[in-house]
Amino acid sequence: MIVGIPKEIKNNENRVAITPAGVEAFVKAGHEVIIENNAGVGSGFSNEVYEDAGAKIIPTPKEVFDQADMIIKVKEPLKEEYDYFKEGQILYTYLHLAPEPELTKALIEKKVVGIAYETVQLEDRSLPLLMPMSMIAGRMATQIGAQFLEKHEGGKGVLLGGVPSVAPAEVVVVGGGIVGTNAAKMAVGLGANVTILDVSMSRLIYLDDIFGGRVNTVMSNSYNIAEAVRKADLVIGSVLIPGAKAPKLVTEDMVKTMAPGSVLVDVAIDQGGCIETIDKISTHDNPTYEKFGVLHYAVANMPGAVARTSTLALTNTTLKYGLDIANKGYLQAIKDDKALAKGVNVIDGKITFEAVAKAHDLEYTPLEEIIG
């Protein structure tokens, strides 16, 4: 199989979908790897190290797409890449289709096999290919929130951990999953007063246990969220429903109660966001905008800012499934692995992930009806 790695073109997206070690693994398995010129530079990997590992460097993205049987990316394709798609081509990447009607339409029309990292799911319901980026985004969310609380960044001028005689900042984390747990870990480490809200009592018990009572665990409902948000200096939205649009749990009315210079960081923005007033995606170039006196941070590719760490963490988990697809062919690979099968969002012009179909009011076709 010819495996193609285009350069990421999203704003300040410096990650790359494969490392030299990954190239070597594909080549040793008998596959050909082609990589767009300088695709790995942002993560510290030169053309030369890829060539030494056995890859071939290709000048343009169109040539990569034209030649490859499987395209491996980091982020969802942008509009300028849609014309590169070809029927039967495997696209293995983060897709986040629920808030992306145009991308969904393009994948359907071109009959691309769209396998989304974020919906590959193990029997225990964990998301192995989303987990590493969730950990990074969660840790970054606190780091970024602390930065934008600084006065010269537009914040209220609050130090997250406070000092003796001055109370620490109030950090509210909505959602106690992987993102939320990692955000809380960083906030606790910096000395903030941290509240985590979640709908699962068992999760709250777990969080109380692992943090040794150093966080406030609160049942998530509209009343409790409103009370927590009103007092917060920093709110981190970290709610996820696999493959679906995130629910709007922090409402406009809640945001209006926050003190001027407070900060909102919505890590769920690539699934539509869970904070109502965050209604547009921002970029690393222009990461925040203000509404009701509150700073809104809505960058959809947060881990791209720490590209070296992110690339290594991501490819450590995606390589296994990528090799299975290349070695067996996608049909056999998804028949053999139920977790990978859940990653198939689009195939043969049909949507095979129910939450994506619901998000766009389109027909859902169970994968089993297509592959037998």
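The values are calculated or read from the model by the stated rules, or taken from the named source; none is laboratory data. Since this is a predicted model, take the numbers as computed values, not measurements. Please note: Cβ atoms are built from the backbone with ideal geometry, for glycine as well, and neighbour counts cover all protein chains shown. What goes into the accessible areas is simple: the full protein's heavy atoms, side chains included, and nothing from ligands, DNA or RNA. Shrake-Rupley method; radii C 1.70, N 1.55, O 1.52, S 1.80 Å.
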Unmet requirement for residue 20, which otherwise passes all of (1) closer than 17 Å to residue 93 by Cβ; (2) at pLDDT 95 or above; (3) not hydroxyl-bearing (Ser, Thr, Tyr): (1)
Pick from region 123-142, criterion over 17 Å from residue 236 (Cα atoms) and charged (D, E, K, R), ranking: least open to solvent (accessible area, probe 1.4 Å): 124
Leading residue by the ranking (surrounded by the most Cβ atoms within 10 Å (Cβ to Cβ)) among those in region 217-250 that are of a type in the set (A, V, I, L, M, F, W, C) and closer than 18 Å to residue 94 by Cβ: 239
Output for region 1-57, where each listed residue is among the basic types (Lys, Arg) and either open to solvent by 10 Å² or more (accessible area, probe 1.4 Å) or touching a strand residue (DSSP E or B) at 6+ places or on another chain (Cβ under 7 Å) (or both): 7, 10, 28, 56
Condition check for residue 63: touching a residue at least 60 places away in the same chain (Cβ under 8 Å) and acidic (Asp, Glu): no
Matching residues in region 282-303 - criterion: being among the small types (Gly, Ala, Ser) and surrounded by 15 or more Cβ atoms within 10 Å (Cβ to Cβ): 282, 298, 300
Members of region 197-219 found to be part of a loop (DSSP other than H, G, I, E, B) and touching a helix residue (DSSP H, G or I) at 6+ places or on another chain (Cβ under 9 Å), listed by number: 200, 211, 214, 215
Close pairs (6 angstrom Cβ cut-off, 6 or more residues apart or separate chains): closer than 13 Å to residue 367 by Cα and open to solvent by less than 30 Å² (accessible area, probe 1.4 Å) in region 328-339, assigned to a helix (DSSP H, G or I) and at pLDDT 95 or above anywhere: 334/340; 334/341
Failed condition for residue 85, given (1) within 15 Å of the chain's Cα centre (by Cα); (2) of a type outside the set (S, T, N, Q); (3) in a loop (DSSP other than H, G, I, E, B); (4) modelled with pLDDT of 95 or more: (1)
All positions within region 158-173 that are part of a loop (DSSP other than H, G, I, E, B), over 29 Å from the mean Cα position of the chain (by Cα) and hydrophobic (A, V, I, L, M, F, W, C): 167
Filter result for the condition that a residue is buried (at least 24 other Cβ atoms within 10 Å of the Cβ), in contact with a strand residue (DSSP E or B) (Cβ under 8 Å, 6 or more places away or on another chain) and in a loop (DSSP other than H, G, I, E, B), over 145, 176, 155, 180: 176
Residue within region 220-228 that is touching a residue at least 40 places away in the same chain (Cβ under 8 Å), within 30 Å of residue 359 (Cβ to Cβ) and under 25 Å from the mean Cα position of the chain (by Cα) present: yes
Positions within region 259-281 being within 16 Å of residue 140 (Cα to Cα) and either among the aliphatic types (A, V, I, L, M) or open to solvent by less than 10 Å² (accessible area, probe 1.4 Å) (or both), in sequence order: 263, 264, 265, 266, 267, 268, 269
Residue in region 307-327 that is at pLDDT below 95, open to solvent by less than 20 Å² (accessible area, probe 1.4 Å) and not polar (S, T, N, Q) present: no
Single match in 310, 262 (criterion: among the polar types (S, T, N, Q) and under 19 Å from residue 153 (Cβ atoms)): 262
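Restricting to region 253-262, name every residue that is under 13 Å from residue 225 (Cβ atoms) and either out of contact with any strand residue (DSSP E or B) (no Cβ under 9 Å at 6 or more places or on another chain) or assigned to a helix (DSSP H, G or I) (or both). Step through it out loud before you land on a result.
At the first step, the residues of region 253-262 found to be under 13 Å from residue 225 (Cβ atoms) are 253-255, 257-258.
Correct list: 253, 254, 255, 257.
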Residues of region 191-205 that turn out to be in contact (Cβ under 8 Å) with a residue 24 or more places away in the chain and either small (Gly, Ala, Ser) or open to solvent by 40 Å² or more (accessible area, probe 1.4 Å) (or both), as a count: 5
Filtered residue count, region 23-52, keeping only those that are over 21 Å from residue 305 (Cβ atoms) and either of a type in the set (Gly, Ala, Ser) or at pLDDT below 95 (or both): 3
